[in-house]
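In what follows, a single structure is set out as structure tokens and then discussed.
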Amino acid sequence: MESRVNYVGNALAGKVMKHLNSANKVVADSTLPVTTQELVKIRASQINGCGFCTDMHTKDAIEAGETQQRLNLVAAWREAKVFTDAERAALEIAEQGTRIADAAGGVPDEVWEKAAKHFDEDELAALISLIAIINAYNRINVINQQPAGDYRPGMFG
């Protein structure tokens, strides 16, 4: 399987990715816990069917010390006892924000309120931004049919 466009080698795509990566760096450097960031990226990528990002973020999470058990349970987080209440709130808002077209009213107030119990305003801003950014990456990769499986942690810098 090959991607439709050499997105990494295309000049225009490179400009887009530069800005998307810059936005991602702001979130990565925020006080939103790295573990939470990776869980959110994995869950959104699973929902969107983005193999490339699922591969990348599970490998990055392992590199950051995440356990295989927790990674195995991300898709079934509601039934799993291995996630904190804050992580559950982040996973729920990630699902709602990723599936925004499925809900006429967007992210329900009760979902937002759960997240607001665990994260301060800057962390909430980072969480909103992270969900938007990972969804953008997912869409680029899914549309482009970017192959998954070859990612190595740190290969993009």
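The values are calculated or read from the model by the stated rules, or taken from the named source; none is laboratory data. Fair warning: this is a prediction, and the values are worked out from it, not measured in the lab. Glycine also receives a Cβ, built like all others from the backbone with ideal geometry; neighbour counts cover every protein chain displayed. Protein only, heavy atoms only, side chains kept; ligands, DNA and RNA dropped before computing areas. Shrake-Rupley method; radii C 1.70, N 1.55, O 1.52, S 1.80 Å.
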Checklist (1) at pLDDT 95 or above; (2) surrounded by fewer than 17 Cβ atoms within 10 Å (Cβ to Cβ); (3) of a type in the set (A, V, I, L, M, F, W, C) applied to CYS50, failing item: (2)
Tell me the residue from THR31, THR35 that is within 14 Å of GLU123 (Cβ to Cβ) and touching an Asp or Glu at 6+ places or on another chain (Cβ under 6 Å), please. THR31
Using beta carbons and a limit of 6 Å, which pairs, at least six apart or on different chains, have the first residue in region 61-79 and surrounded by 15 or more Cβ atoms within 10 Å (Cβ to Cβ) and the second one among the hydroxyl-bearing types (Ser, Thr, Tyr)? LEU71/THR58
Could you check, for region 66-77, whether at least one of its residues is farther than 17 Å from ILE131 by Cα and in contact with a Ser or Thr (Cβ under 6 Å, 6 or more places away or on another chain)? yes
Residues in region 92-99: is at least one open to solvent by less than 60 Å² (accessible area, probe 1.4 Å), outside any loop (DSSP other than H, G, I, E, B) and in contact with a His (Cβ under 8 Å, 6 or more places away or on another chain)? no
